[in-house]
1. Could you tell me whether any residue of the range 161-179 is farther than 27 Å from A88 by Cβ, at pLDDT 95 or above and open to solvent by less than 20 Å² (accessible area, probe 1.4 Å)?
2. Name, by its number, the condition in (1) under 28 Å from S49 (Cβ atoms); (2) surrounded by fewer than 19 Cβ atoms within 10 Å (Cβ to Cβ); (3) small (G, A, S); (4) at pLDDT 95 or above that does not hold for G134.
3. Kindly provide the set of residues from the range 66-96 that are open to solvent by 10 Å² or more (accessible area, probe 1.4 Å), assigned to a loop (DSSP other than H, G, I, E, B) and of a type in the set (A, V, I, L, M), ordered by number.
4. Restricting to the range 59-76, count the residues that are under 21 Å from L147 (Cβ atoms) and either touching a helix residue (DSSP H, G or I) at 6+ places or on another chain (Cβ under 9 Å) or among the aliphatic types (A, V, I, L, M) (or both).
5. Sort through V85, V81, V117 and tell me the only one that's touching a Gly at 6+ places or on another chain (Cβ under 6 Å) and under 14 Å from P161 (Cβ atoms).
Amino acid sequence: EVLLVAPDAEAVAGMPPEATARFARFETIYVGAVADVDKAATPALLKASSPVVALIEDHAYPEPAWAEAILRAHEGPWAAVGSTVANANPDADLSWVNQLLAYGEWTEPLRGGEGMVSRHNVSFKRSWLEAYEGRLEDLLGRGGGLLPDLKRRGGRFWIAPEARVRHLNPSRLGPTVELRLHGGRLSAAGRAVSEGWP
């Protein structure tokens, strides 16, 4: 089952039908202008029929054994299961800077086991997400605090090193500076709200 979130039909107009033909279910959910990619995933997570759902970025590529490893790990008591995040463009130095800044803790070599998972390219038992009702969108946003809140509610997390996702990183200086500047501003704003700063 693949639920693709897109701003409008034009954004996915070039997708060939054969790209989705093998999935048991494929649906595109149009959400209008996407101001926050994390929040935009909410309708798909709630519309999914599977007991396990995953948030996968459009520039991250799960390896063939990824889904099997995720489902096998979710047989345990875990609210969320995280992946190994490998660098999809390892030949560029700035790609490694961005990889390590965003996913250093989950970059190979990775030891599996119980621990904190990345908030991107992660899977959840859907039942844990349904408990949030109308609050899920805000909690999914940058700095929204979904993972800490799950932990506070008794959720446990598992890192599955055999579930590998290749993440494409910015490899030029301009996009790197822009990404880090905007990411820092969003994180600071999120922390100010979540921690009640004046």
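The values are calculated or read from the model by the stated rules, or taken from the named source; none is laboratory data. Quantities reported herein were computed from a predicted structural model and do not represent experimental measurements. Neighbour counts are summed over all protein chains in view; Cβ atoms, including those assigned to glycine, are modelled from backbone coordinates with ideal geometry. We work out accessible area using only protein heavy atoms, side chains counted, and drop any ligands, DNA or RNA first. Shrake-Rupley method; radii C 1.70, N 1.55, O 1.52, S 1.80 Å.
1. No, every residue in the range 161-179 fails to be farther than 27 Å from A88 by Cβ, at pLDDT 95 or above and open to solvent by less than 20 Å² (accessible area, probe 1.4 Å).
2. (4)
3. A88, A92
4. Selection size over the range 59-76: 6.
5. V117
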